[in-house]
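Chemist: To start, I am sharing the structure in question, which I have written as structure tokens.
The values are calculated or read from the model by the stated rules, or taken from the named source; none is laboratory data. Just so you know, these numbers come straight off a predicted model, no measurement behind them. Every residue, glycine as well, gets a Cβ built from its backbone with ideal geometry; the counts of neighbours run over all protein chains shown. The protein model used for the area step is the full one, side chains on, heavy atoms only, and it has no ligands, DNA or RNA in it. Shrake-Rupley method; radii C 1.70, N 1.55, O 1.52, S 1.80 Å.
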Amino acid sequence: MMIGLNFSLQELLMKFEEDIQAEIEAHNDVFRSVEGNKMKMVKALGSSEEAVFLQQRLDDMNQRWNDLKAKSANIRAHLEASAERWNRLLSVLEELGRWISVKDEELNKQMPIGGDVPTVLQQQTHCMALRAELKEREHLVLSTLDQAHMFLADQPIEGPEEPRKNLQPKTELTPEEKAQRVAKAIRKQTAEVGERWERLMGHASTWHEQVERALDKLQDLQSSMDQLDLRLAQAEELKAGWQPVGDLLIDSLQDHIDKTTAFRDEIAPLKQDVRAVNDLAGQLTPLDVQLSSTSSRQLDNLNMRWKLLQAAVEDRLKLLREAHRDFGPSSQHFLSTSVQLPWQRAVSQNKVPYYINHQSQTTCWDHPKMTELYHSLSDLNNVRFSAYRTAMKIRRLQKALCLDLLDLSVAQSMFEQHKLTVNSQQLTVPEVINCLTSVYDGLEQEHKDLVNVPLCVDMCLNWLLNVYDTGRSGKIRVLSMKIGLLSLCKGHLEEKYKCLFNQVSSAGDTCDQRQLGLLLHDAIQIPRQLGEVAAFGGSNIEPSVRSCFQHVTNKVELEPRQFIDWMRLEPQSMVWLPVLHRVAAAETAKHQAKCNICKEFPIVGFRYRSLKHFNYDVCQSCFFSGRTAKGHKLNYPMVEYCTPVSMCNEACKLELIKETFCMNRHYSSHSVVVEL
């Protein structure tokens, strides 16, 4: 307010000075004329009082004239001093304007926001320094603007300039004109400084907020990238310690599969970390932040390393699983040694093996040894009795598969070991191989010279596929495999009956007609595969099921003992099984008797003694081929011995059999009486 008052006073003084100056200029000639004629006028009056009075009046006028000129000079000096203060105010405004321009330019040079933490930290430091400078200058700027506003508040509103009366160029401006020009410049500078100051303050504040937000995001991003980098490095270090799959021991493949799977599970959370890092990078886009080349390369590198790590894990798991499939315990690779050149074992798409003969350029489903075995069975076709013919074929097959070495209890333990409890479950070829391998590995430990594991596994698999998977689908039902293996393994006959029954019985240790039908159906497939099913009632097992339940007076369910009693009767569909046991028992039997036909002594195998002729013995070869001696007919009843007996026991048994034969016509139409 003081500046405004001073300026108003200055205006009055300026006006007053102008008036005085005008008066001085207007009376300057008169004063000079009077001053020049003063002495003449005084001399003309002489020494009179008028002369003295005139002198006094002239001196007084001169004094007043000088005072007036001095006063005008003082006013002019005062005005010039005031103009100097206004000019200083203008200079301050101009200096502030230049300073604001410099700071605004510096701020613009800081843009855009950097793409990494070090750059944004530098921008933050500059921003804080700028805000400190602005805070320091704020008082000066605001006070200067206040002074300028107070100065301008007392100034008249500028209007159009009056035309100059004297068109001649002026070499010097009047003080009034100078004051007007200063006021105009102050008004312009005040407006510019005020506007640019507000803009700079707003710009600096907005920039500071952007920098702070960007710095927070970039620091979060950098911290996350550093942590991810560390975790990836740790995972990569573990990966670098992996042995090549080709250098691993076959027995360790499953362990390495488990470890690699566990490693995959351990690094799974890294996927979320990678996603979080990418999300943080994406949050910079709305802030107009472009990642620096260094940060961008680091982010791309992390994503690439994660992808490569994932791919490496999946590739290793794939290689390990393929190696485990091809070379592991459940693989078929070890079975390639079951054949010799020119044969090669191959595997179809559903894992069913087939065999290539490179010499004849042919392929077949049957193992070469199995083909030889089937050809050798034709030698038994001259056996007249189908039950014995079939049993002898199965016995030869049983021994070729080394199942005659497999104990019944061991087979049951294998079923439990592999959890084969669901009869309807379909086993794949690798699963069947796994089961068979465990069986034959155990047999090899007990019979090293007899069991060739690859050959036995391949042959037994071939047989199971021929019996229960003729279409080569690559699937065998659990019940079918169990019935097949149990039928051909060794063990007490009635124990085997009970074990077979248990495979189909329900929780109450009983079975109904459907369950018995499943058992008989799978059992009859064994002679069917050998082409001998017709003699055992064909593939239709319904008559045998009805026969069994009629034997127990048509009960709804069958108990184990009742099933065993029925099997003792050697029903048509299952007669080959007890005959198989007698064939096995008779193989090494030596009878102290001579064959009356071929004269073999001692008789090895089955021995047949006539109930019509005294001391008439026949060996199994002559009996099965139908050879006879003079006076003996084929329809004469014979008693069969599968094990040696003493003379005393033989006489007693013969008497008992003869009595039974005489009382029971059943034997009149049979040529063989089986010794029980």
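Chemist: Name the pairs whose Cβ atoms lie under 6 Å apart, with the first residue in region 210-234 and touching a residue at least 12 places away in the same chain (Cβ under 8 Å), the second polar (S, T, N, Q) and assigned to a helix (DSSP H, G or I), and 6 or more positions between them or separate chains?
Modeler: Cβ pairs passing all conditions: V211/Q123; V211/Q124; L215/Q124; M225/Q298.
Chemist: With the structure loaded, tell me whether N382 is surrounded by fewer than 12 Cβ atoms within 10 Å (Cβ to Cβ), at negative phi and in contact with a helix residue (DSSP H, G or I) (Cβ under 9 Å, 6 or more places away or on another chain) or whether it fails that test.
Modeler: Yes.
Chemist: Closer than 21 Å to K490 by Cβ, surrounded by fewer than 20 Cβ atoms within 10 Å (Cβ to Cβ) and not hydroxyl-bearing (S, T, Y) - does that describe any residue in region 419-426?
Modeler: Scanning region 419-426, I find at least one residue that is closer than 21 Å to K490 by Cβ, surrounded by fewer than 20 Cβ atoms within 10 Å (Cβ to Cβ) and not hydroxyl-bearing (S, T, Y), so the answer is yes.
Chemist: Among W306, W242, W207, which is closer than 30 Å to D104 by Cβ and among the aromatic types (F, W, Y)?
Modeler: Testing whether each residue is closer than 30 Å to D104 by Cβ and among the aromatic types (F, W, Y) leaves just W207.
Chemist: Looking only at region 271-304, which residues are under 17 Å from the mean Cα position of the chain (by Cα) and more than 14 Å from Q227 (Cα to Cα)?
Modeler: M304
Chemist: What is the one condition in (1) assigned to a helix (DSSP H, G or I); (2) modelled with pLDDT under 90 that E237 does not satisfy?
Modeler: (2)
Chemist: Mind listing whichever residues of region 222-240 are of a type in the set (A, V, I, L, M, F, W, C) and open to solvent by less than 60 Å² (accessible area, probe 1.4 Å)?
Modeler: Passing the criteria: M225, L228, L232, A233, A235.
Chemist: Within the set of pairs 6+ apart or on separate chains, which have a first residue in region 385-414 that is of a type in the set (D, E), a second that is part of a loop (DSSP other than H, G, I, E, B) and open to solvent by less than 10 Å² (accessible area, probe 1.4 Å), and C-beta atoms under 9 Å apart?
Modeler: Short answer, once both residue conditions are applied: D404/C489; D407/C489.
Listed here are the residues, each with its yes/no results for (1) open to solvent by 50 Å² or more (accessible area, probe 1.4 Å); (2) modelled with pLDDT of 85 or more.
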| position | (1), (2) |
| --- | --- |
| A77 | yes, no |
| A83 | no, no |
| W86 | no, no |
| G97 | no, yes |
| E106 | yes, yes |
| I113 | no, no |
| V117 | no, yes |
| Q123 | no, yes |
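Chemist: Those residues that are under 55 Å from the mean Cα position of the chain (by Cα) and farther than 21 Å from S480 by Cβ, I need them from region 516-559; list them, please.
Modeler: Listed by number, the residues that qualify are V556, E557, E559.
Chemist: Give region 315-339 a look and list any residue that's without any contact (Cβ under 8 Å) to a residue 12 or more places away in the chain and open to solvent by 80 Å² or more (accessible area, probe 1.4 Å), or say none.
Modeler: Matches in region 315-339: D315, K318, H333.
Chemist: Here's a follow-up. Which residues, taken from region 593-625, are part of a strand (DSSP E or B) and under 16 Å from T643 (Cα atoms)?
Modeler: I603, V604, R607, Y608, R609, D617, V618, C619
Chemist: Just to be sure I understand the filter: pairs with C-beta atoms under 8 Å, separated by 6 or more residues or on different chains, first member in region 591-604 and in contact (Cβ under 8 Å) with a residue 40 or more places away in the chain, second member of a type in the set (D, E, K, R). Which pairs pass?
Modeler: Within 8 Å, the pairs are H591/R607; H591/D617.
Chemist: Check region 455-464 and report whether any residue there is part of a helix (DSSP H, G or I), of a type in the set (A, V, I, L, M, F, W, C) and within 25 Å of G517 (Cβ to Cβ).
Modeler: Yes, region 455-464 has at least one match.
Chemist: All but one of (1) open to solvent by 20 Å² or more (accessible area, probe 1.4 Å); (2) more than 15 Å from the chain's Cα centre (by Cα) hold for Q310; which doesn't?
Modeler: (2)
Chemist: Mind checking which residues of region 270-286 are open to solvent by 90 Å² or more (accessible area, probe 1.4 Å) and in contact (Cβ under 8 Å) with a residue 12 or more places away in the chain?
Modeler: K271
Chemist: Could you list all residues from region 279-294 that are part of a loop (DSSP other than H, G, I, E, B) and touching a Ser or Thr at 6+ places or on another chain (Cβ under 9 Å)?
Modeler: Within region 279-294, Q290, S292 meet the criteria.
Chemist: While we're on this one: Specify the residue that is most open to solvent (accessible area, probe 1.4 Å); the eligible residues are those in region 503-537 that are assigned to a loop (DSSP other than H, G, I, E, B) and polar (S, T, N, Q).
Modeler: The extreme case among them is S506.
Chemist: Filter region 244-264 down to the residues that are aliphatic (A, V, I, L, M) and surrounded by 11 or more Cβ atoms within 10 Å (Cβ to Cβ), then identify the one that is farthest from D315 (Cα to Cα).
Modeler: Checked region 244-264; the qualifying residue farthest from D315 (Cα to Cα) is I250.
Chemist: Then there is this: Pick out the one residue from Y497, Y468 that is closer than 17 Å to A391 by Cβ and touching a helix residue (DSSP H, G or I) at 6+ places or on another chain (Cβ under 6 Å).
Modeler: The unique qualifying residue is Y497.
Chemist: Now a separate question. Conditions first: (1) over 15 Å from Q298 (Cα atoms); (2) assigned to a helix (DSSP H, G or I). Q243 passes all but one, so which condition is the exception?
Modeler: (2) is the only condition that Q243 fails.
Chemist: Identify, from the list L436, L500, the residue that is without any contact (Cβ under 8 Å) to a residue 40 or more places away in the chain and over 44 Å from the mean Cα position of the chain (by Cα). Walk me through it before giving the result.
Modeler: On the way: L436 fails: over 44 Å from the mean Cα position of the chain (by Cα).
One residue alone meets the criteria, L500.
Chemist: Got a sec? Which of Y608, Y641 is touching a Phe, Trp or Tyr at 6+ places or on another chain (Cβ under 6 Å), crowded, with 17+ Cβ neighbours inside 10 Å and modelled with pLDDT of 85 or more?
Modeler: Y608
Chemist: Here's something else I'd like to know. Condition check: in contact (Cβ under 8 Å) with a residue 12 or more places away in the chain, of a type outside the set (A, V, I, L, M, F, W, C) and not in a helix (DSSP H, G or I). Does G97 satisfy that?
Modeler: Values: in contact (Cβ under 8 Å) with a residue 12 or more places away in the chain: yes; of a type outside the set (A, V, I, L, M, F, W, C): yes; not in a helix (DSSP H, G or I): no.
Criteria not met by G97.
Chemist: Here is a list: I483, I476. Which entry is of a type in the set (V, I, T), closer than 24 Å to R568 by Cα and surrounded by 19 or more Cβ atoms within 10 Å (Cβ to Cβ)?
Modeler: Only one candidate passes the filter, namely I483.
Chemist: Here's a follow-up. Please go through region 565-582 and pick out each residue that is open to solvent by 10 Å² or more (accessible area, probe 1.4 Å) and not acidic (D, E).
Modeler: Residues satisfying the conditions are R568, L569, P571, Q572, V575, H581, R582.
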